[in-house]
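Trainee: Attaching a single structure in structure tokens format; questions to follow.
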Amino acid sequence: MTERPSHAPRLLVIAKTPEERQVVAALLVAGGYEVATSPCRTPALDVLSEEVFDVVVLCACACGEEGLYVLARAKAQQCCAQFIILAGDDECCTAVEAMRMGAFDYLARPVDGERFLLSVERSLEQSSLRREVASLRRRSHERTRGGLVGESEPMRRVYDLMERVAPTSLTVLVTGETGTGKELVARGIHELSPRSPKPYVPVSCSALPESLLESELFGHLKGSFTGAVATRKGLLEVGQGGTAFLDEIETMGPAMQAKLLRVLEERTIQRVGDRHDIPIDVRLVAATNDDLAEAVRERGFREDLFYRLNVFPIALPPLRERRDDIPLLAAHFRDAFARNAGLPRLEIAPDAMDRLMRHDWPGNVRELKHAIERAMVVSMETGTLDADGLFPPGNGAARTTNRWARALREEWTLERLEREYTAAVLESTRGHRGRAAEILGIDRRTLYRRLRRTYRSATAGEPSGAEEGREAEGAAAAGRM
């Protein structure tokens with residue numbers, strides 16, 4: 001028996017009748033697989049557009065010509081999946097046509113259970129080989145183009161998701177804090193996909209007012225508005241056959257949300273000032289550092305658009321949750337900066353690495369990159385990348401480190417320590433109350449009560465020192481924003 005893939009294989013059984021789906025699924029479940037089932041035609045295509053599968057079992061005798069239609073459409077959506085056809089002796093023509101269209105195997109009915117499971121194992125081997133090729137392409141991409149860096153378990157999960165979704169045409173939603181590398185994920189998915197020879201088009205939704213964003217995405221006709229001196233293609237049209245990356249999607253206004261929803265549903269656009277539909281074939285990858293589900297509940301982000309974007313979510317971990325990658329990232333940024341600036345490659349001093357490992361990195365990988373580049377310049381005379389050069393004087397990292405040293409020296413009480421730590425967490429999250437509450441392991445109401453208590457103590461002049469009082473008051477103000 002061959003070794004199974006590291007992830008749990010997902011199989012889909014497509015058949016016309018519930019009885020047939022149940023019989024085939026039972027064989028697969030007995031073999032230890034996770035199985036989903038679907039009727040043929042439209043329901044099957046809906047399932048295939050929303051999930052990634054390793055193997056699809058298509059019962060041709062139940063679906064007939066519809067089965068071939070599903071196979072043709074599904075091959076475009078599930079490029080890494082393998083398709084197994086189950087057909088009767090009187091349907092050889094259908095089976096032969098399916099094999100010509102790229103099906104992995106054909107089994108005659110009634111199906112021999114052992115032969116069937118062996119075919120599934122072989123098809124999974126092929127899926128695994130395709131993922132390995134994608135993985136090798138990703139590693140080559142990292143070496144030659146400076147892509148994502150990291151070998152921690154959280155990042156390995158991200159790589160696995162990228163490799164699985166890249167060959168498909170599914171819409172991807174990348175989430176993560178500022179500076180975690182969301183655009184690198186989008187670019188990596190494009191480079192790993194069959195669309196890589198076509199354009200990769202990045203768009204920052206927050207950089208343009210809504211009227212200009214519409215023109216940027218969809219294009220415009222000459223004279224459609226003041227300044228439209230010529231007809232111009234939009235980026236979605238320019239990116240035909242490729243990938244469009246929509247960053248900070250949460251900043252998109254209601255009117256643009258409605259237009260983007262239409263694009264996702266109908267795969268057509270209309271240039272500003274035009275009434276003609278233009279078909280487009282572009283893969284959409286959206287990114288946000290916000291909680292879109294919360295934005296749907298509280299701030300009016302369209303729920304239907306959210307579900308259209310969230311077909312295949314990829315959550316990027318913050319740097320504080322993958323500290324094992326910090327030495328690798330630090331060396332990568334040091335080498336890249338030395339190479340680009342024509343400077344010598346400095347060794348990272350032990351105290352500098354210790355400081356890097358203890359810092360919480362509210363700005364994530366981007367902050368680490370800037371810290372290394374600054375230290376390279378400041379430390380050039382000493383010949384060693386020292387801790388003192390990592391952060392500007394008065395930086396929050398030094399203040400946080402010194403705060404706990406003072407706590408031991410001045411013998412703070414637990415109440416004082418709690419107050420200071422709450423302030424430090426709010427500083428690291430830049431006043432994001434939901435994230436701060438999550439780090440502290442409390443709900444938002446408890447955090448609000450703690451902030452109010454902190455504010456009253458600070459304004460009452462508790463003997464915690466003027467500096468700490470000002471920090472606590474600032475944290476409380478941040479929490480109220």
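No lab work stands behind these numbers, since they all come straight from the coordinates. For clarity, every value in this text was computed on a predicted model and none was experimentally measured. Don't worry about glycine lacking a Cβ; one is built from the backbone with ideal geometry, like all the others, and counts go over all protein chains shown.
Trainee: Spelling out what I want: for every residue of region 235-250, take phi, set θ = phi - 60°, compute 6.51 cos²θ - 1.76 cosθ + 1.60 (Karplus), and round to whole Hz; glycine and proline get x.
Mentor: 5, 5, 6, 4, x, 3, x, x, 10, 10, 10, 9, 8, 6, 4, 5
Trainee: If amide hydrogens are placed 1.01 Å from N in the peptide plane, which non-local residues have theirs closer than 5 Å to the one on T168?
Mentor: So T168 has HN proximity to C79.
Trainee: Now for a separate question. Order 266-272, 438-444, 117-123 from most to least packed using the mean count of other Cβ atoms within 10 Å.
Mentor: Highest to lowest by the protection proxy: 117-123, 266-272, 438-444.
Trainee: Please list, in chain and number order, the residues 5+ apart from V311 or on another chain whose amide H is under 5 Å from its amide H, with Hs placed from the backbone.
Mentor: Placed amide hydrogens put L173 under 5 Å from V311.
Trainee: What net charge do the residues around M357 carry, taking every other residue with its C-beta under 10 Å from that of M357, with Lys and Arg at +1 and Asp and Glu at -1?
Mentor: So the environment of M357 carries a net charge of +1.
Trainee: Of the cross-linked pairs K222/K259; K198/K259; K182/K233; K16/K198; K182/K259, which ones have a Cα-Cα span greater than 31 Å in the structure shown? Before the final figure, lay out each step's value.
Mentor: Details: K222/K259 21 Å; K198/K259 24 Å; K182/K233 26 Å; K16/K198 38 Å; K182/K259 24 Å.
Over 31 Å apart, Cα to Cα: K16/K198.
Trainee: Quick one, what does Rg over Rh come out to for region 189-301 if you take C-alpha atoms and the Kirkwood Rh?
Mentor: Taking Rg over the Kirkwood Rh, I get 0.98.
Trainee: What is the set of long-range amide H partners of A36 at a cut-off below 5 Å, with H atoms built 1.01 Å from backbone N?
Mentor: L11, L12, V13
Trainee: Please list, in order along region 440-446, the HN-Hα scalar couplings obtained from phi with the Karplus expression 6.51 cos²θ - 1.76 cosθ + 1.60 (θ = phi - 60°), rounded to whole Hz, x for Gly and Pro.
Mentor: Computed from phi, the couplings for region 440-446 are 6, x, 10, 8, 5, 4, 4 Hz.
Trainee: Follow-up question, since we're still on this one. So what's the Cα pair-distance distribution over region 273-394, bin width 5 Å, in %?
Mentor: Histogram of Cα-Cα distances, whole percents per bin: 2, 9, 16, 15, 11, 10, 9, 9, 8, 6, 4, 2, 1, 0.
Trainee: Moving on to the next point. Explain nothing, just compute: Karplus ³J(HN,Hα) = 6.51 cos²θ - 1.76 cosθ + 1.60, θ = phi - 60°, for every residue of region 24-41 in order, whole Hz, x for Gly and Pro.
Mentor: In residue order, the calculated couplings are 5, 4, 4, 4, 6, 4, 4, x, x, 9, 8, 10, 10, 10, 7, x, 7, 6 Hz.
Trainee: For the pair A228 and T17, how long in nm is the line joining their label points, each one 7 Å along Cα→Cβ?
Mentor: 5.7
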